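Q: Got a structure here, written out as structure tokens. Questions coming.
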Amino acid sequence: MSGDIFAGQATDPDLLAELYDLEHDPVVEDLVFYREQTRRSGPAVLDLGCGSGRLLRSFAAGKGRRIVGVDGSAALLRRAEARIDAEPLLAAAREQGRLNLVEGDVRRLGQLPLRGLLGAAGANLVVAAGVVPHLDGPEEALRMLAGVTPLLADQGRLILDDLGPALLPDRDLPLSVDWKRELRGQKIVRRSQLMRREAPEGLRVAFSTIVDVGRPDGTIARFPASYRLWYPSDDALAAVIREAGLAVEFAYGSHDLDPPNGSSERRILVIRRAGA
Ligand SMILES: C[S@@+](CC[C@H](N)C(=O)[O-])C[C@H]1O[C@@H](n2cnc3c(N)ncnc32)[C@H](O)[C@@H]1O
């Protein structure tokens, strides 16, 4: 299986990437958290599943001096490059070789040229925000984490940041309209459907979307896509972290550092090498 979430979809990856940004760019509530985590951790930052680079500015603002983003989607990385072009702070960092994007699979980090880009001491901060749900269960999560461990600096931290219990779907959702928007004069309607299944390793979700783009001649182009998502149980995630030689240092239920509980909207784990 490829690390590109848009691979194999009978659709246009650049359009999916653009729609993806329309939805995700308004998410800003975690930007200060990542700026501060960077400031606290140190200059070398590895952003796993960086997508279109939404978090890059936070790393740069937190004095990240060697920033590396990895993503499996070429379409999202093209949008990340455009974002860098448009932000002088990021463009200057790229110009000086201090900001690099790498197309690759987070389950095969050992095959990517990350050591050279992060510097000999390794990554002070590794971030995987919204990435674990795209992995197909504990075995794939272990492959990612086992790839992170050798890249971490001595006191380096890994942050896993995903939905908390309050935001996990508690029932199937039938096909219905999510939103209607206008993009370059074309009317866009997105419908989605969600089916959930409780499994020993957590919640499995089959999520499908249908995007209809109204063309000027009155015809409609239809772009279907489907994703299999995995929201690990606390126990399953803890077992994978242990097995990768890592240990949880802090757990938060929000980017405001609230303690986690059953009504938390996020599950944020700050992780270090075991024994570090
Ligand atoms: C929900 S998005 C989060 C993007 C970004 N971290 C943020 O917070 O805005 C998940 C990202 O993980 C990437 N991804 C998923 N599975 C991957 C894999 N196996 N290898 C590399 N990237 C992957 C997707 O392409 C997507 O950009």
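Q: Pairs of Cα atoms under 8 Å, at least six residues apart: use those to get the relative contact order of the chain, whole percent. Before the final figure, lay out each step's value.
A: Values: 580 pairs, mean separation 47.2, N = 276.
Rounded, it is 17 percent for the chain.
Q: Run the numbers on the stretch 117-221 and let me know its relative contact order in percent, using alpha-carbon pairs under 8 Å that are six or more apart.
A: Computed value for the stretch 117-221: 20 percent relative contact order.
Q: Return the single residue from L48, L237, L175 with maximal mean-square fluctuation; model: Gaussian network over the chain, springs between Cα atoms under 10 Å.
A: L175
Q: Determine the sum of side-chain charges near R215: Lys and Arg each +1, Asp and Glu each -1, restricted to other residues whose C-beta is under 12 angstrom from that of R215.
A: Spelling it out: positives minus negatives among the neighbours equals +1.
Q: How much area per residue is accessible in the stretch 137-276 when the probe is 1.4 Å and only protein heavy atoms are counted (Å²)?
A: Accessible area per residue, the stretch 137-276: 54 Å².
Q: Going by amide H atoms built from the backbone, whose H comes under 5 Å of the H on L101, apart from near neighbours?
A: G69
Q: May I ask you to give the percent of accessible area on the stretch 1-114 that is carbon plus sulfur, with a probe radius of 1.4 Å?
A: Within the stretch 1-114, the accessible surface is 51 percent carbon and sulfur.
Q: Oh, and also: If you stretched the chain out fully between E87 and A274, how much longer would it get, using 0.36 nm times the residue separation minus the C-alpha to C-alpha distance?
A: This chain segment gains 63.6 nm when fully extended.
Q: Between L183 and A7, what FRET efficiency comes out of the Förster formula 1/(1 + (r/R0)^6) with R0 = 30 Å and r the beta carbon distance, rounded to 0.05?
A: On the way: r = 23 Å, r/R0 = 0.77.
Efficiency, rounded to the nearest 0.05: 0.85.
Q: Compute the distance from the alpha-carbon center of the stretch 221-247 to that of the stretch 27-90, in whole Å.
A: 22
Q: Quick check: pseudo-label points 7 Å beyond the Cα along Cα→Cβ at D154 and L173, how many nm apart are they?
A: 4.7
Q: Starting at the first residue of the stretch 245-251, write each ³J(HN,Hα) from the Karplus equation 6.51 cos²θ - 1.76 cosθ + 1.60 with θ = phi - 60°, in whole Hz, x for Gly and Pro.
A: With coefficients 6.51, -1.76 and 1.60, one gets x, 10, 9, 7, 8, 9, 10 Hz.
Q: Can I ask one more? Using a 7 Å offset from the Cα along the Cα-to-Cβ direction at both K63 and A239, what is the distance between the two label points in nm, to one decimal?
A: According to this spin-label approximation, the distance is 4.1 nm.
Q: Quantify, in whole percent, the carbon and sulfur part of the accessible surface of the stretch 159-276 (1.4 Å probe; protein heavy atoms only).
A: Values: 3480 of 6680 Å².
Taking all protein chains in place, the stretch 159-276 shows 52 percent carbon and sulfur surface.
Q: I want the local charge near Y231. Using Cβ-Cβ distances under 14 Å, sum +1 for each Lys or Arg and -1 for each Asp or Glu among the other residues.
A: Numbers: positive: R196, R197, R204, R228, R266, R267; negative: D136, E140, D161, D162, D170, E198, E201, D234, D235, E265.
My count for the surroundings of Y231 gives -4.
Q: Let me ask something else about it. Sum up the charges of everything whose Cβ sits under 14 Å from the Cβ of R181, counting Lys and Arg as +1 and Asp and Glu as -1, but leave R181 out.
A: -2
The values are calculated or read from the model by the stated rules, or taken from the named source; none is laboratory data. Every value quoted in this text rests on a predicted model; they were computed, and no experiment measured them. All Cβ positions, glycine included, derive from the backbone under ideal geometry; neighbour counts span all protein chains shown. To get the accessible areas, we keep the full protein, side chains included, count just its heavy atoms, and leave off ligands, DNA and RNA. Shrake-Rupley method; radii C 1.70, N 1.55, O 1.52, S 1.80 Å.
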